[in-house]
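Peer 1: Shown below is the structure under consideration.
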Amino acid sequence: VLGMYTGLGAMAFRQASNWASRSFFTELARTSFQLSSYGMMGEIASGVAGGLCSCWNTPIETIRVFMQRDVAMGNEAKSFPEYWNDIVDANGVPGLFRGVTPRSIQAIWQTCFMVVVPNVLGV
């Protein structure tokens, strides 16, 4: 049970920054890039942009998974910077973005339906 709470800070930060990023980047695309002037396709494009840009924090999720893996295997969790350095040493910076493709697809889907649809409906 204790292993379930390892990486909780990283998970909470990623979740909070994830939804804030989705809303921020979607609104930035709608207004500053004026995608909303293209109607429904512009709204969807802004959701796609917001979803993709929200994946900037994938390294936090990658490190959380490594923390929980170690605890589940009976090892003591290392610090966040130690995991960061270990991953970069072993796989380079791209190693921090392990799983970003399925995550970006999910982020686009969720952003379009949970950020764009309420914007369009005026909710």
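The values are calculated or read from the model by the stated rules, or taken from the named source; none is laboratory data. Every value quoted in this text rests on a predicted model; they were computed, and no experiment measured them. Counting neighbours? That spans all protein chains shown, and the Cβs are built from the backbone with ideal geometry, glycine included. Note: accessible area is taken over every heavy atom of the protein model, side chains too, but ligands, DNA and RNA are not part of it. Shrake-Rupley method; radii C 1.70, N 1.55, O 1.52, S 1.80 Å.
Peer 1: Please determine whether any residue of region 6-23 is surrounded by 19 or more Cβ atoms within 10 Å (Cβ to Cβ), on the phi > 0 side of the Ramachandran plot and not aromatic (Phe, Trp, Tyr).
Peer 2: Checked against the condition, which is being surrounded by 19 or more Cβ atoms within 10 Å (Cβ to Cβ), on the phi > 0 side of the Ramachandran plot and not aromatic (Phe, Trp, Tyr), region 6-23 yields at least one hit.
Peer 1: Right, here's the next one. Specify which of the listed residues (Val65, Val71, Val88) is open to solvent by 50 Å² or more (accessible area, probe 1.4 Å), assigned to a helix (DSSP H, G or I) and either among the β-branched types (Val, Ile, Thr) or over 20 Å from Leu8 (Cβ atoms) (or both).
Peer 2: Of Val65, Val71, Val88, the one residue that is open to solvent by 50 Å² or more (accessible area, probe 1.4 Å), assigned to a helix (DSSP H, G or I) and either among the β-branched types (Val, Ile, Thr) or over 20 Å from Leu8 (Cβ atoms) (or both) is Val65.
Peer 1: I need the full set of residues from region 91-105 which are open to solvent by less than 70 Å² (accessible area, probe 1.4 Å) and of a type in the set (A, V, I, L, M), in order please.
Peer 2: Passing the criteria: Leu96, Val100.
Peer 1: Could you tell me which numbered condition Ile108 fails, if it satisfies all but one of (1) touching a helix residue (DSSP H, G or I) at 6+ places or on another chain (Cβ under 6 Å); (2) open to solvent by 80 Å² or more (accessible area, probe 1.4 Å); (3) hydrophobic (A, V, I, L, M, F, W, C)?
Peer 2: (2)
Peer 1: Cβ-Cβ distance below 7 Å, separation of 6 or more or different chains: which pairs start in region 101-117 with a residue that is over 17 Å from Glu43 (Cα atoms) and end on one that is assigned to a helix (DSSP H, G or I) and of a type in the set (A, V, I, L, M)?
Peer 2: Every condition considered, the pairs that remain are Ser104/Leu52.
Peer 1: What number of residues within region 24-37 are farther than 30 Å from Met67 by Cα and surrounded by 13 or more Cβ atoms within 10 Å (Cβ to Cβ)?
Peer 2: Result for region 24-37: 8.
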